[in-house]
Amino acid sequence: MFDSSPATAPVCFNRQQAATVAAMSVSWLKLQDRRGTGAPRLRCGNRVRYPVTSFLEWLKAHSETQSQAV
């Protein structure tokens, strides 16, 4: 999806990009944000951005929790 070279790697994902990377819906990400259980995020006015490194760490931790629950 993204070129991994440092010059073109994104610093932050928008919600749509984060949802695509995580194979989740945008509405699910919004729900997790409202519950306080979502990925670390930044708000710029009405825009939400997820720092890539923090989002991927959160996603990894979240997926490990889900697989242990099954």
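Could you name every one of the strands (runs of 3 or more DSSP E) located completely within the chain that has at least 3 residues being modelled with pLDDT of 90 or more and more than 13 Å from the chain's Cα centre (by Cα)?
On the way: elements: 12-14, 42-44, 47-51.
In the chain, there are no strands (runs of 3 or more DSSP E) which contain 3 or more residues that are modelled with pLDDT of 90 or more and more than 13 Å from the chain's Cα centre (by Cα).
Hey, can you tell me all the residues within the stretch 25-51 that are open to solvent by 50 Å² or more (accessible area, probe 1.4 Å) and of a type outside the set (Lys, Arg)? Please lay out each step first, then the result.
To start, the set of residues in the stretch 25-51 that are open to solvent by 50 Å² or more (accessible area, probe 1.4 Å) comprises 25, 27-28, 30-31, 34-37, 40-47, 49.
Answer for the stretch 25-51, where residues must be open to solvent by 50 Å² or more (accessible area, probe 1.4 Å) and of a type outside the set (Lys, Arg): Ser25, Ser27, Trp28, Leu31, Gly36, Thr37, Pro40, Leu42, Cys44, Gly45, Asn46.
The values are calculated or read from the model by the stated rules, or taken from the named source; none is laboratory data. Remember, it's a predicted structure, so these values are computed and weren't measured experimentally. The protein model used for the area step is the full one, side chains on, heavy atoms only, and it has no ligands, DNA or RNA in it. Shrake-Rupley method; radii C 1.70, N 1.55, O 1.52, S 1.80 Å.
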